[in-house]
Amino acid sequence: MKNHFQEGIELRNKIKELIFDFIKQNPECKARESGLKQTVIFRECGMDWGNKKKVTSGRQQFWVNAILRELEDEGVIMQDAETNKWRLSN
């Protein structure tokens, strides 16, 4: 029988890697650059399903915030307190 829970954890880890790789490769996300908003990261990483009934594009992105916070907890990215943009840590 398929272990959906384990498969979900593996998917989360792959998506986390995808997002971190995107941030590392984006010139705007270098340590001393301006960074990118969560919405841009979400869309550029292919997570946007488009507007759906009761679930607009903007509302879909909030689960990606958990991944960004996890990367922040690991000390590899940071969010600018003033602009809310994400970039690599120093």
Selection of chymotrypsin sites (Phe, Trp or Tyr not before Pro), the stretch 33-70, meeting DSSP coil and at most 14 other Cβ within 10 Å | 49
Per-residue SASA entry for residue 39, accessible area with 1.4 Å probe, Å² rounded to 10 | 40
Label point distance in nm, residue 45-residue 65, each placed 7 Å from Cα along Cα→Cβ = 1.5
Simple spin-label model, 7 Å along Cα-to-Cβ: residue 82 to residue 30 in nm?
-> 2.0
Where does helix 62-73 land angle-wise versus the long Cα axis of the chain, in degrees 0 to 90, nearest 10?
-> 50
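Can you compute the helix-only [θ] at 222 nm over the chain? Use -39500 (n - 2.57) per DSSP H run of at least 4 residues, normalise by all residues, nearest 500 deg cm²/dmol. Walk me through the intermediate numbers first.
Numbers: 4 runs with 45 residues, N = 90.
That comes out to -15000 deg cm²/dmol.
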Kindly state, to the nearest 0.05, the FRET efficiency for residue 52 paired with residue 22, given R0 = 22 Å and r defined as their beta-carbon distance.
-> 0.40
Under a GNM of the chain (C-alpha, springs under 10 Å), which listed residue has the highest mean-square fluctuation: 79, 38, 60?
-> 60
Measure up 16/53; 24/53; 30/53; 2/85 against 32 Å on the Cα-Cα distance and list the ones that go over.
-> 24/53; 30/53; 2/85
For the chain, what does the equivalent ellipsoid look like in terms of its semi-axes, each the square root of 5 times an eigenvalue of the Cα gyration tensor, given largest first in whole Å?
-> 24, 17, 11
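Could you size up the charge dipole of the chain around its Cα centre, putting +1 on the beta carbon of Lys and Arg and -1 on that of Asp and Glu, and report it in debye to the nearest 20? Please report the intermediate quantities before stating the final value.
Details: 16 positive and 14 negative charges, 95 e Å.
So the dipole magnitude of the chain works out to roughly 460 debye.
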Leaving ligands, DNA and RNA out of it, work out the accessible area of residue 76 with a 1.4 Å probe and give it in Å² to the nearest 10.
-> 50
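The values are calculated or read from the model by the stated rules, or taken from the named source; none is laboratory data. Model, not experiment: these values are computed from the prediction. Heads up, the Cβs are rebuilt from the backbone with ideal geometry, glycines too, and the neighbour counts pull from every protein chain shown. Please note that ligands, DNA and RNA were not included when accessible areas were found on the heavy atoms of the full protein model with its side chains. Shrake-Rupley method; radii C 1.70, N 1.55, O 1.52, S 1.80 Å.
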